[in-house]
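What follows is one structure encoded as structure tokens, with my remarks underneath.
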Amino acid sequence: MTESEPLLRVNNIQVEGLFELFNHRVDLNTNERVTILHGPNGVGKTMILRMVNALLDARFALFQRVSFHRFALELTDSRTVEITLGPAKLPRKSLKAPSGWRKKPLRSLHLTLFRGGKQIDRHDISADQDVAVMADAIASRIPWVHRYDEDVWLDEREGTVLLLPEEVVARYADEVPSTIGLPRRSADPDWLKEVREKVKVHFIAAQRLIRVAPEDSRHYRTGPRTLSTVLDYARDLKSRINDTMARYGQQSQTLDQSFPQRLLSSGAATLPADALKQRMEKLDERRNELKGIGLLDKLESHPFDTAALETLEPAQQSVMALYVEDTERKLSQLDDLARRAGLLLDNVNRKFHHKRVRIDRDRGLVAEDDQGRELDLDALSSGEQHELVLHYDLLFRVRQNTLVLIDEPELSLHVAWQKRFLPDLLEIVATAEFDVLMATHSPFIVGERSDLMVGLDAELT
């Protein structure tokens, strides 16, 4: 599937017998594209997010551990993907379990595809041996994967933290030799691969401020080096700026090299003086916006006084018309990055007090106090980092029509920021065009938009 092909969307989520207690149905708001899960602790808000993510990422070990009867996603093309539980199976004893790990029976799974209510296919996933045992066995055979702490594994090659043994098994079971006795799950059916290609998911977990540093990570032995996500995202933005500016430079070079030939061609355009002046004034405004964001140098400008356009000869008008057209085409290479960066800075800086964040082409993101003195990004408060990380994630790391899952967006946010979160989110969603399902305890996140809320009450099944 190419980047330009449209993705499918999720219409609703159904779970029955969750924790042997609850039945929930979540109809997603497909108009404003934001749906809020609200309810008391223990009713399954976060678990629903995790189950959606697990199904669309084909990490079925989660379903073998959580207590539920049925879980289903209904898609916008009338297809429904359903998981139900089969019989239990005791863990195998061929491998030594980690100390302190309580073995539990695993359940087989039935994965079924429906279209318009009619069953199309069913795929069975057998119960595997104890997941924690499998995770440690896998880690013992893959040099860059190891257990760092209780139920915490690290992929040192990618700098990834894995917080569940299920994640280790789902990600690496197919990479280890069969000699260690791990059962091989049969290949996913073609229809599931197609669904996963057409329904993309992006999970923003509650713990989102710390990452494992990937650089030279295969050489450390005393534990992982961690860094703030804001530092990781600053590097990510620097890379995006470099890529965008490279395209801008390549476009500029191509147009500049062909400028004489196009000017001398019989099809060279001309514009009257008023039209030229208007378009050049818009170019000035655009340049100033890009300079304000930090994408263009302060000195980059055109050397013409627009008042002089009134006295141009026809041949000069042709030159200027082509110049204006080329400049618009060059700057268009910056449009998408500038739109996202501008929205990031607007949303973040109107909330920060006595400090601001700006774009820097060499460093990505830079924080400053109100005297212009630079601050370490990871010295920002936890609330400020949460705000910056969430907005960056949504604006730069999510593909159009993706289903974004956000767990507890209110973490570390002042009440005033919680009240502002939803309006900012709706603005971002309208710009970037993706769907959001978020779980929150905060009435301030919901505010006056109870129409976007799906309440998960504690009524038993």
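Bear in mind that the values in this text are calculations on the coordinates, not laboratory data. Everything numeric in this text was worked out from a predicted model, so none of it was measured. Note that each Cβ is placed from the backbone with ideal geometry, even for glycine, and that neighbours are counted across all protein chains shown.
Things to note:
- Using the Cβ of L255 as centre and a radius below 10 Å, the other residues enclosed give a net charge of 0, where K and R count +1 and D and E count -1.
- Listing D188, D232 from fewest to most neighbouring C-beta atoms within 10 Å gives D188, D232.
- Which listed pairs, of K193/K238; K45/K238; K118/K200, have C-alpha distances above 28 Å, in listed order: K193/K238; K45/K238
- Formal net charge of residues neighbouring Q278 (Cβ-Cβ distance under 12 Å; K, R +1; D, E -1): -1
- Averaged over residues, the count of other Cβ atoms within 10 Å places the peptides 20-27, 246-253 in the sequence 20-27, 246-253, highest first.
- Rounded to the nearest 20, the size of the Cβ-charge dipole of region 228-395 about its Cα centre is 200 debye, with Lys and Arg at +1 and Asp and Glu at -1.
- Fewest-first sequence of D370, D378 by Cβ atoms within 10 Å of each Cβ: D370, D378
- Local net charge near L380, Cβ-Cβ under 13 Å (Lys/Arg +1, Asp/Glu -1): -4
- Cβ crowding within 10 Å, taken as a proxy for footprinting-reagent exposure, orders M134, M453 from fewest neighbours to most as M453, M134.
- Exceedance of the 21 Å cut-off in Cα-Cα distance is limited, within the set K198/K330; K291/K419; K282/K330, to K198/K330; K291/K419.
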